[in-house]
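Enquirer: Below is the structure I would like to discuss, written out as structure tokens.
The values are calculated or read from the model by the stated rules, or taken from the named source; none is laboratory data. Nothing here was measured: the structure is a model prediction, and the numbers come from that model. Note that we place each Cβ from the backbone using ideal geometry, even for glycine, and neighbour counts take in every protein chain shown. What goes into the accessible areas is simple: the full protein's heavy atoms, side chains included, and nothing from ligands, DNA or RNA. Shrake-Rupley method; radii C 1.70, N 1.55, O 1.52, S 1.80 Å.
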Amino acid sequence: MDSSHELETVTPSTVMESLRESLMAAGIVLPSLGIDPAPPGPGLVKRGSIRPDVAKKLAQVVKRGIA
């Protein structure tokens with residue numbers, strides 16, 4: 001993260017929705033994407049289990065994004 005920018009508030013809920021929208025735009029649906037309210041912290045974004053074909057598509061999208 002660039003320290004010259006103000007830190008934005010990051011909550012598991014907003015990040016989960018952003019991730020869900022981005023994945024949907026790439027044609028990927030993770031039905032078990034959700035929030036794990038792991039106390040005492042702010043909570044975690046959980047991905048859950050996915051089929052191998054979905055994992056392969058996700059890997060391909062990530063590879064294109066970092067290329």
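Enquirer: For the stretch 22-33, which residues satisfy the criterion of being outside any loop (DSSP other than H, G, I, E, B) and surrounded by 10 or more Cβ atoms within 10 Å (Cβ to Cβ)?
Expert: Hits for the stretch 22-33 are Ser22, Leu23, Met24.
Enquirer: Only one of these is modelled with pLDDT of 90 or more, of a type outside the set (A, V, I, L, M) and open to solvent by 50 Å² or more (accessible area, probe 1.4 Å): Asp53, Asp36. Name it.
Expert: Checking each option against the conditions leaves just Asp53.
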